[in-house]
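The values are calculated or read from the model by the stated rules, or taken from the named source; none is laboratory data. All figures in this text were calculated on a predicted structure; none of them were measured in a lab. Heads up, the Cβs are rebuilt from the backbone with ideal geometry, glycines too, and the neighbour counts pull from every protein chain shown. Side chains are part of the model used for accessible areas, which takes the heavy atoms of the whole protein and leaves out ligands, DNA and RNA. Shrake-Rupley method; radii C 1.70, N 1.55, O 1.52, S 1.80 Å.
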Amino acid sequence: LRLPRGGVLLTPRRALSVLLRTAHLATFAALLGGHVFDVDPTRLWPWLVATVASGAGLMALELLSSVAWLGTAKGLAVLVKLALLAMVPVFWEHRVAILLAVTVLAGVASHMPRQFRHYQVVPMFRRS
């Protein structure tokens, strides 16, 4: 989408990012709700697959820009969320608490000030 003076309102990459993020939020909400209300895990499988696929798409978009993204606060937050999610099968009885922790981390990481979200934590990736 273009603005009247030649500016771009929405690039294709940004549009894809918004689409994937919206899908990710919706599918994760269904997945979390299913666990909160103790829905049979086989019924949650499509929501899990859709959540993983949309999350992988979001990560791929970031990594296509720069692998250094992994060293930013927001990239590290994603890695911590993935580590927490990997604990769900091991600590199945605590899955709701783990999923809620992931939700809190996601909310904080995505709404912290830009200077912190984009801060490069890994020194070798910092620009001089």
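So which residues in region 1-50 are of a type in the set (Asp, Glu) and in contact with a Leu (Cβ under 7 Å, 6 or more places away or on another chain), if there are any at all? Can you show your working first?
Residues of region 1-50 of a type in the set (Asp, Glu): 38, 40.
Result: no residue meets the conditions.
One line per residue, one yes/no per condition, for (1) under 13 Å from the mean Cα position of the chain (by Cα); (2) at pLDDT 95 or above; (3) within 16 Å of residue 28 (Cβ to Cβ); (4) surrounded by 14 or more Cβ atoms within 10 Å (Cβ to Cβ):
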{"residue": "85", "(1), (2), (3), (4)": "yes, yes, yes, yes"}
{"residue": "102", "(1), (2), (3), (4)": "yes, yes, yes, yes"}
{"residue": "119", "(1), (2), (3), (4)": "no, no, no, yes"}
{"residue": "123", "(1), (2), (3), (4)": "no, no, no, no"}
{"residue": "128", "(1), (2), (3), (4)": "no, no, no, no"}
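Taken over region 41-83, residues that are surrounded by 12 or more Cβ atoms within 10 Å (Cβ to Cβ), among the charged types (D, E, K, R) and free of Cβ contacts under 8 Å to residues at least 12 places away in the same chain amount to 0.
For residue 31, indicate whether it is open to solvent by less than 80 Å² (accessible area, probe 1.4 Å), under 24 Å from residue 120 (Cβ atoms), modelled with pLDDT of 95 or more and more than 11 Å from the chain's Cα centre (by Cα). No; evaluated as a whole, the condition is false for this residue.
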